[in-house]
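Any read-out appearing in this document is the output of simple, stated calculations on the displayed coordinates, not a laboratory observation. The shown structure was predicted, so the numbers you read here are calculated from the model rather than taken from an experiment. So basically every Cβ, Gly included, is an ideal-geometry build from the backbone, and we count neighbours across all protein chains shown.
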Amino acid sequence: MDALARQGMRFTDAHSPSAVCTPTRYGLLTGRYCWRTRLKQGVFGGFDRSLVEADRLTLPRMLKNCGYATACVGKWGMGMFDTTGSPLKIGFDHFFGYNCQRHAHSYFPKYLYNNDAQRIDLPGNTGKGVGRTYAQDLISDETLKFVKANKDRPFFLYYSVTLPHGNFEI
């Protein structure tokens, strides 16, 4: 991590457009206030249609056009169950994660999503505390794979963990 910080770009003065996840994610990836969209307050649930417009210039799309490898790993949280909403549709080359907080408590309930935003069932997730896969371990492993695979080229990694969130469904 120290080498990555020394050799990469560091942004040390950041501001958030909101105190909650969906508008903050939208602002980071589009450069716009979320409140200029149909979402006027709150956050998205798991099955909302995409908040990012199909023709919107996004940070990953811009960087991909400049030759960067791009990946979204972790929580997406901006809708994905339509033709425009998956991370791959807005400029990410790679996606590994889940759509909303309800899909990723401390343990993945039974599945996550892959590059095609298709559900992947995880073996051993019984829901009874035995054999479950810790979500942050999966996210961390996937993140390290992406960094190692792209160590010799510029890349943009949108690493979005669940840990800062509260779990309201336990």
Self-check item: Where labels lie 7 Å past Cα in the beta-carbon direction, separation of Q41 and N65 in nm
Solution: 3.6
Practice problem: Subtracting the Cα-Cα distance from 0.36 nm times the residue separation, let me have the gained length for K151 to D2 in nm, one decimal. | Solution: 52.2 nm
Quiz item: Between H15 and L144, how many nm apart are label points set 7 Å from Cα along the C-beta direction?
Solution: 3.8
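Filter the chymotrypsin sites (Phe, Trp or Tyr not before Pro) in region 1-76 to those in DSSP coil with at most 11 other Cβ atoms within 10 Å of their Cβ, and list the result. Mind dumping the intermediate values first?
Values: sites: F11, Y26, Y33, W35, F44, F47, Y68, W76; in loops: F11, Y33, F44, F47, Y68, W76.
Within region 1-76, the qualifying chymotrypsin sites (Phe, Trp or Tyr not before Pro) (loop, at most 11 other Cβ atoms within 10 Å) are F11.
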Quiz item: Is there a pair in K64/K151; K89/K148; K89/K151 whose C-alpha atoms are over 21 Å apart, and which pairs would that be?
Solution: K89/K148; K89/K151
